[in-house]
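Below is one structure; the comments refer to it alone.
Every read-out reported here was derived from the displayed coordinates using simple, explicitly stated rules and does not represent laboratory data. Just so it is clear, the structure is predicted and the values come from calculations on it, not from any experiment. Glycine also receives a Cβ, built like all others from the backbone with ideal geometry; neighbour counts cover every protein chain displayed.
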């Protein structure tokens, strides 16, 4: 497998809009988590918020990158790292870096380990591997999938411990995020998987937003 | 119920006790009303002072604790806080 995303021609505009929506939703969740931290002084909430803000930054970078590509490469639908100019390379590396940083932070929170060395170890191992591999996008999605699996295990335990619809919504949302991430791996060969991946991500973030609204509206 | 949830509940109980006493209370009342050991109460109250939920006043009649705006906020939004932490698996 090479380092290629194949995005169908007709979907390019939609993926820009969806990326922007994902960025906004994850930013809202991140900021709300920090607000809860301010109210409760719960460190887990602060780290959770930071994790979501990292992911949000990744989506905004991706959106800007796609917008630039959309305007510059209107005809070319296959986006390759090797064909990127310097600006494009930096953009996609920053996207991968922030997205992985967000997921590492979320996994760190869900592991419940209050030790910065564990966090830095995860960070260095994953980022280091990503930097030295020639198959960056593949490795990025494989690492992301592994991290999502750990997050899902946490939310499964959380749901089994306290079976209510809000815990179920979050659990299902992260399953959708894992499935979308797997679709993105296949999208390196077929553009249809990219579309499915984006739709699954949309459902996932919508579920997370719905849960947040339910929680925030309660007095 | 998880440990952290218990912790949040204890904080809620202590702040509620202070609120019941019109926002000001003596340490002995907290000890009596919150059903904690002296050591635990000291720990929690220290944490609440550090977190800006409570302020300590030293008067001629002894030490009292007073709720801050952040303390009142915590009580008002306790349900939202616990709902958020629970549903996102942070408790």
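Side notes on the structure shown:
- Against the main long axis of the alpha-carbon atoms of chain B, helix B:38-50 sits at an angle near 80°.
- Relative contact order of chain A, pairs being alpha-carbon contacts under 8 Å that are 6 or more residues apart, as %: 26
- Counting neighbouring beta carbons within 10 Å and listing from fewest to most, the residues B:44, A:155, A:14 come out as A:14, B:44, A:155.
- Each of A:68, B:45 has some number of other Cβ atoms within 10 Å of its Cβ, and from fewest to most they run A:68, B:45.
- Springs join every pair of Cα atoms under 10 Å in this Gaussian network model of chain A, and among A:52, A:11, A:174 the largest mean-square fluctuation is at A:11.
- Degrees between helix A:86-111 axis and first principal axis of chain A (Cα, 0 to 90, nearest 10): 20
- Residue exposure sequence - B:40, A:96 - by fewest surrounding Cβ within 10 Å: B:40, A:96
- Shape call, the range A:1-56: gyration tensor on alpha carbons, a/c limit 1.5: oblate
- Mean-square fluctuations from a GNM of chain A, with a 10 angstrom spring cutoff on Cα atoms, peak among A:187, A:71, A:145 at A:71.
- Three-way shape label, the range B:7-87, alpha-carbon gyration tensor, a/c 1.5: prolate
- Angle between chain A longest axis and helix A:191-217 axis [Cα atoms, degrees, rounded to 10]: 30
- Relative contact order for the range B:7-87: 33 percent, from Cα pairs under 8 Å spaced at least 6 residues apart, divided by residue count.
- Tensor-based shape of the range A:110-219 (alpha-carbon gyration tensor, a/c under 1.5 rounded, otherwise prolate or oblate): oblate
- Relative contact order of the range A:129-219, taken over Cα pairs closer than 8 Å and 6 or more residues apart, is 27 percent.
- A crude spin-label estimate for the pair residue B:26 and residue A:131, with each label 7 Å from Cα along the Cβ direction, gives 6.2 nm.
- For the residues A:66, A:164, A:89, a GNM of chain A with alpha-carbon springs under 10 Å puts the largest fluctuation on A:164.
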